[in-house]
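As structure tokens, the structure follows; a few thoughts come after it.
The values are calculated or read from the model by the stated rules, or taken from the named source; none is laboratory data. As the structure is a computational prediction, the values presented were derived from the model and not from experiment. Reconstructed Cβ throughout: ideal geometry from the backbone, glycine too, with neighbour counts over all protein chains shown.
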Amino acid sequence: MDTKNKGFNTKLIHSGDYEDCFGSVVTPIYQTSTFKFKDAGHGGDCFSGKSDDYIYTRMGNPTINSLECKIADLENGYRGIAFSSGMAAVSTVYMAVLSQGAHVLSTDAVYGPSRAVLERDFSRFGVEYSFVDTSKIELVEKAIKPNTKLIYLETPTNPTIMLTDIRKIADIAKKYGILVCVDNTFSTPYLQKPLDLGADIVLHSITKFINGHADIVGGVVVAKDKDVYDNLRKTMTFMGGNMDPHQAYMVNRGVKTLSLRMERSGKSAQKIAEYLEKHPKVEWVRYPGLKSHPHYELAKKQMTGFGSMISFELKGGFKAGEILMNNVKVAALAVSLGGVESLIQHPASMTHAGVSKEARNNAGISDGLVRYAVGIEDVEDLIDDMENALRKI
Ligand code: LCS
């Protein structure tokens, strides 16, 4: 179906549909590593680019292509590339855009491994980096160097839920000929479209909201222009971080309900954030839909909803966090986010237990900080669950 002038929900269901010879309504799983050529000439045509028929699954596959076209359509981009994980997507962007001596300017509070791979791996190949509070536009322009090739933004950030003005940063980047990539994992194209705001590349951990069912790990990148896309595609093909056809089938299935899930979990998150903000055992709540959020006005302008990720600080610090974790029953004690199940985690006693208190504080992860990924259960049950657990503190 041609979805060019169709609405977001029609695109969610039909973009990238693969028309097979049996009329299958659902894009089938082409679980094959390789594809037969009709003859030697056909093989030659495929490799020389005269034919765009499939050759080998690392280079392309109908099930994977169907997902790539769907996400590209949702993000208003040129084309997409699906990856085995979100981190494969992140590192492929770095690998494709940066070279020896190049500088990348990144949001300081990006997802830990998106930062660590620069510090630990790309630094060994002579890549320079600066981590800046990109919510402060003046700091971004100051941090640009003659060798800056990429501005890498995450908005909202994980787990601090801070926002960056994508349009303002993209305008600055254009002046200097720098590419802008936005990690849109927390918002999804349902709430925020970075390419429409001037970014060149948009990226997701597909593991989260896009797949939505906590049963696969994957990533995707969408480029606005052909040149940027072609470069990313070549790097992915050579580095080999491709998605698997079965993974792509699962995501093609999960993504169809994205709007419904985002709508439901977003409404519940707003109620839970308002409940937490009034709770005597909670110091503060960070949720873009609260007037108290420092970027509330930006969230209203840049996003079409506020998402379902909440961070909050407990008054009782580390111990209070531990007690809360040990007493929630409906929300599962687990990392990750964006599935139909609510997940809760306390970085100081869980994911960041091995990180020094000083380093945690520098990253904005205080001892009482709790991250709550709201799912689609009944909101009354989620609030009851929280109330029961908070009572134990
Ligand atoms: N970008 C963001 C914003 C993320 O939250 C994650 C994973 C990634 C990239 C990497 O994606 P992956 O390779 O895991 O698909 N975030 C996780 C989290 O908050 N808990 O567990 C993983």
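Does any residue in the range 194-223 that is modelled with pLDDT of 95 or more come within less than 8 Å, Cβ to Cβ, of a residue that is assigned to a loop (DSSP other than H, G, I, E, B) and among the aromatic types (Phe, Trp, Tyr) six or more places away or on a different chain, and which pairs are these?
Ser205/Tyr111; Lys208/Phe186; Phe209/Phe186; Val222/Tyr78; Ala223/Tyr78
Of all residues being outside any strand (DSSP E or B) and away from the ligand (no atom under 16 Å from the Cβ) in the range 174-188, which is nearest to Val97 (Cα to Cα)? Just the residue, please.
Ile178
Any idea how many residues of the range 189-247 are within 13 Å of the ligand (Cβ to nearest atom) and assigned to a strand (DSSP E or B)?
7
Return the residue satisfying two criteria in turn: it lies in the range 70-112 and is among the aliphatic types (A, V, I, L, M) and touching a Pro at 6+ places or on another chain (Cβ under 9 Å), and of such residues it is farthest from the ligand (Cβ to nearest atom).
It comes out as Leu74.
Out of (1) more than 18 Å from Ile29 (Cα to Cα); (2) small (Gly, Ala, Ser); (3) more than 16 Å from the chain's Cα centre (by Cα), the odd one out for Ala248 is which?
Among (1) more than 18 Å from Ile29 (Cα to Cα); (2) small (Gly, Ala, Ser); (3) more than 16 Å from the chain's Cα centre (by Cα), the lone unmet condition for Ala248 is (1).
Among what's in the range 151-168 and is at pLDDT 95 or above and polar (S, T, N, Q), pick the residue that is farthest from the ligand (Cβ to nearest atom).
Applying the filter and picking the extreme gives Thr164.
On the given criteria, is Thr10 touching a residue at least 12 places away in the same chain (Cβ under 8 Å), of a type in the set (Ser, Thr, Tyr) and more than 18 Å from Ile81 (Cα to Cα)? Spell out how you get there, then give the answer.
Details: touching a residue at least 12 places away in the same chain (Cβ under 8 Å): no; of a type in the set (Ser, Thr, Tyr): yes; more than 18 Å from Ile81 (Cα to Cα): yes.
Here the answer is no, as Thr10 does not meet what is asked.
Just give me the residues in the range 324-348 being crowded, with 17+ Cβ neighbours inside 10 Å and out of contact with any strand residue (DSSP E or B) (no Cβ under 9 Å at 6 or more places or on another chain), in sequence order.
Matches in the range 324-348: Val330 only.
Given the criteria over 21 Å from the mean Cα position of the chain (by Cα), within 16 Å of the ligand (Cβ to nearest atom) and of a type in the set (Val, Ile, Thr), does Val355 qualify?
yes
Residue check: is Gly368 surrounded by fewer than 20 Cβ atoms within 10 Å (Cβ to Cβ) and closer than 18 Å to Trp284 by Cβ?
no
Gly16: at positive phi and in contact with a Cys (Cβ under 6 Å, 6 or more places away or on another chain), yes or no?
When the stated conditions are applied, Gly16 passes them.
Please note which strands (runs of 3 or more DSSP E) are completely contained in the range 50-151 and include at least 2 residues that are without any contact (Cβ under 8 Å) to a residue 60 or more places away in the chain and on the phi < 0 side of the Ramachandran plot.
Where strands (runs of 3 or more DSSP E) fall fully within the range 50-151 and carry at least 2 residues being without any contact (Cβ under 8 Å) to a residue 60 or more places away in the chain and on the phi < 0 side of the Ramachandran plot, they are 103-107, 128-132.
For Lys392, which of the numbered conditions (1) at pLDDT below 95; (2) over 21 Å from Thr188 (Cβ atoms) fails to hold?
(1)
Would you call Tyr78 among the hydroxyl-bearing types (Ser, Thr, Tyr) and at pLDDT 95 or above?
yes
How about the range 13-38: which of its residues are touching a residue at least 60 places away in the same chain (Cβ under 8 Å) and exposed (fewer than 13 other Cβ atoms within 10 Å of the Cβ)?
Scanning the range 13-38 gives a single hit, Gln31.
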